[in-house]
């Protein structure tokens, strides 16, 4: 306990502290430290001196000692508000948010007019997800110091997390007006633009932030997020590697790199990063969440759920996102009832949760009197969600709901709005795409398959199921993966990654050798083998592999290719009704979608003419739903496998399914989706014209 000082003693202590501060300001740290220690020897527990010792330790990088000194200082009834405020920030940096909140509240109670204390408390409350309280604290700072750029920047962060994006942007712009070269504000704007799908603006702000401060670690994370959103995972990985070169144990950087490596299908490396992030910061919900996502990709469902539960138990602003991740994990693993229950709980707790409503819409079969439709309509009405990205997502969810109810006019009104918003921020050139797809066919004339004798990996493990998105690839994979000799790997990026590493198509074929083709095939098999679960065959059902069927046969001559086909208009309408997780840039305009489908048909006609029938077949979705056993037997005969009745009960097969069609393959085959476009034909004029189809 601090002894009571006489006025004379207090004056002497203050003079000594002034001398210590002067020494510290002059860079004489050791002399200042020695003087503080002499003060404490004379007056044990003197709080102002302990506070100064804490600041000295913090400046020297000894954060544990700094916190210990400040904790001791704050035990004194005479401790200054500044000591509590600095303890608040130091504890926040260590992730000890509950104690930081207590210290922050003590600081503002001691000195209600202290802006720095309100600021530090506001940031802690922000990170704990207590956003309305955070807003109130930071608004006090702005009221006390209207010209404080940092206060406007921090208040903008809280408004962003509250979903009030216009107010967030207003305060960030004010921060930049006060401090034009404020790197933290530029990286916050980058984060906002990422969320709104304005990726070019996000990239520009992130790069501006790093130009101003190359040590600003959050800017690297935001730039990586931009590249990942654009499916430029290698570019994202480069930003994260730069970050971790500066701060090897940065938990957010490790968590982000783990998720990027997962997207690159480098799952063992992803797991190592995620586990390291959790070891470094066991109190980080972000790290635990990343670990859950990576464990899920490894097929370790129970461990993934446990990681999500650990994350939910930690203070953070991630609760909505974590509840959604848990629900999606249950859905992917065939536990739809539990997934729907979790989503109902999510939207009850977060009524404006756009991801929650959007995901729920994919699972539910709506009826016309479903009250959820009105709740979703309110989110795109006056006073609803603000960001373009959220409004776009809700238009797609409502489009799906009205398709379910049979209200064509309402469905296509929402889908047209959602697709127009997505198209406005999507870079796509239909003329260039047409020329590129023609060049793929030209690069593989009939004789090219004989130019490289002996080329390619010998493995017969791969089975490719490819075609347009929404054409039945997931259904075919699920039927095949119900066979005891076949594992389903889902939509793998391996082929596109190999092509990207080799220089892109078709230019990579220039100077190609049999040895390089063989190496590519062996690389692919090495990526595929860990997903085999001990089975001799693995299905890769990435639809876009239809672009590279010729190359697939060159690098994997013993692989089998199954082309999934479906009615052109049903396929395109299904594409038009989906806001894809990845970039399907051709799907967001009816006329462009129809034109792409025609280009796809031309390319598939070419592959049909050059690939050997022994290794390439086509399966029509309509034939599968009409007679599943006949088509399943046909596919297994093509693959050289014996018949197994389990293929007819594909909807009961327990395996993760990560695709936009996950809900459909958890049900028996139904015929109502065949020819469904005709009831909506009056609203599909541009698509039908592009496809050359007369609906009359």
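The values are calculated or read from the model by the stated rules, or taken from the named source; none is laboratory data. Model, not experiment: these values are computed from the prediction. Neighbour counts run over all protein chains shown; Cβ positions are idealised from the backbone, glycine included.
List of remarks:
- Reported count of residues in the range 602-614, each being surrounded by 14 or more Cβ atoms within 10 Å (Cβ to Cβ), out of contact with any strand residue (DSSP E or B) (no Cβ under 8 Å at 6 or more places or on another chain) and under 16 Å from residue 466 (Cα atoms), is 2.
- Count of residues meeting criterion [surrounded by 15 or more Cβ atoms within 10 Å (Cβ to Cβ) and closer than 30 Å to residue 449 by Cα] in the range 615-632: 8
- Checking residue 326 against (1) more than 20 Å from residue 166 (Cα to Cα); (2) surrounded by 20 or more Cβ atoms within 10 Å (Cβ to Cβ); (3) more than 16 Å from the chain's Cα centre (by Cα), the condition it does not meet: (3)
- Residues that are free of Cβ contacts under 8 Å to residues at least 40 places away in the same chain, in a helix (DSSP H, G or I) and under 22 Å from residue 438 (Cα atoms) within the range 502-526 comprise 502, 507, 508, listed in sequence order.
- When the range 15-35 is filtered for residues that are surrounded by fewer than 12 Cβ atoms within 10 Å (Cβ to Cβ) and either in contact (Cβ under 8 Å) with a residue 12 or more places away in the chain or outside any helix (DSSP H, G or I) (or both), the ones remaining, listed by number, are 26, 27.
- All positions within the range 472-489 that are over 25 Å from the mean Cα position of the chain (by Cα), assigned to a loop (DSSP other than H, G, I, E, B) and closer than 11 Å to residue 541 by Cα: 472
- Any hit, the range 239-250, residues being surrounded by 16 or more Cβ atoms within 10 Å (Cβ to Cβ) and at pLDDT below 95: yes
- Of the residues making up the range 353-404, those that are assigned to a loop (DSSP other than H, G, I, E, B) and farther than 29 Å from residue 202 by Cα are 364, 365, 366, 367, 368, 369, 370.
- Set 570, 523: member being crowded, with 18+ Cβ neighbours inside 10 Å and either on the phi < 0 side of the Ramachandran plot or touching a strand residue (DSSP E or B) at 6+ places or on another chain (Cβ under 6 Å) (or both): 570
- Matching option when the condition is at pLDDT below 90 and either over 31 Å from the mean Cα position of the chain (by Cα) or not in a helix (DSSP H, G or I) (or both), among 657, 665: 657
- Inside the range 181-204, residues that are within 18 Å of residue 142 (Cα to Cα) and either without any contact (Cβ under 8 Å) to a residue 12 or more places away in the chain or surrounded by fewer than 20 Cβ atoms within 10 Å (Cβ to Cβ) (or both) make up a count of 0.
- Exclusive hit being crowded, with 19+ Cβ neighbours inside 10 Å, touching a helix residue (DSSP H, G or I) at 6+ places or on another chain (Cβ under 9 Å), at pLDDT below 95 and assigned to a helix (DSSP H, G or I), set 680, 651: 680
- Subset of the range 41-70 [assigned to a helix (DSSP H, G or I) and either over 48 Å from the mean Cα position of the chain (by Cα) or surrounded by fewer than 13 Cβ atoms within 10 Å (Cβ to Cβ) (or both)]: 41, 42, 59, 64
- Test: residue 409 is modelled with pLDDT of 95 or more, exposed (fewer than 15 other Cβ atoms within 10 Å of the Cβ) and closer than 18 Å to residue 320 by Cα: no
- Single unsatisfied condition, residue 38 versus (1) assigned to a helix (DSSP H, G or I); (2) buried (at least 20 other Cβ atoms within 10 Å of the Cβ); (3) more than 40 Å from the chain's Cα centre (by Cα): (2)
- Checking 460, 441 one by one, the residue that is buried (at least 18 other Cβ atoms within 10 Å of the Cβ) and either more than 29 Å from the chain's Cα centre (by Cα) or not in a helix (DSSP H, G or I) (or both) is 441 and no other.
- The residues in the range 165-180 that are crowded, with 18+ Cβ neighbours inside 10 Å and either out of contact with any helix residue (DSSP H, G or I) (no Cβ under 7 Å at 6 or more places or on another chain) or touching a residue at least 40 places away in the same chain (Cβ under 8 Å) (or both) can be counted, and the count is 1.
- When residue 234 is tested against the conditions (1) touching a helix residue (DSSP H, G or I) at 6+ places or on another chain (Cβ under 6 Å); (2) assigned to a helix (DSSP H, G or I); (3) under 20 Å from residue 583 (Cα atoms), the lone failure is (1).
- Screening residue 538 against (1) assigned to a helix (DSSP H, G or I); (2) farther than 27 Å from residue 445 by Cβ; (3) at pLDDT 95 or above leaves a single unmet condition, (1).
- Whichever residue in the range 560-592 is in a loop (DSSP other than H, G, I, E, B) and out of contact with any helix residue (DSSP H, G or I) (no Cβ under 6 Å at 6 or more places or on another chain) and, among such residues, is modelled with the lowest pLDDT: 582
- Checked against the criterion of being more than 24 Å from residue 92 (Cβ to Cβ) and part of a helix (DSSP H, G or I), the candidates 222, 241 yield just one match: 241.
- In the condition set (1) farther than 23 Å from residue 684 by Cα; (2) surrounded by 18 or more Cβ atoms within 10 Å (Cβ to Cβ); (3) at pLDDT below 95, residue 363 is compliant with all but (2).
- Criterion (touching a residue at least 24 places away in the same chain (Cβ under 8 Å) and surrounded by fewer than 18 Cβ atoms within 10 Å (Cβ to Cβ)) met by exactly one of 345, 332, 349: 349
- Among the residues of the range 553-571, those that are over 29 Å from the mean Cα position of the chain (by Cα) and closer than 15 Å to residue 617 by Cα comprise 553, 557, 558, 559, 560, 561, 562, 563, 565, 566.
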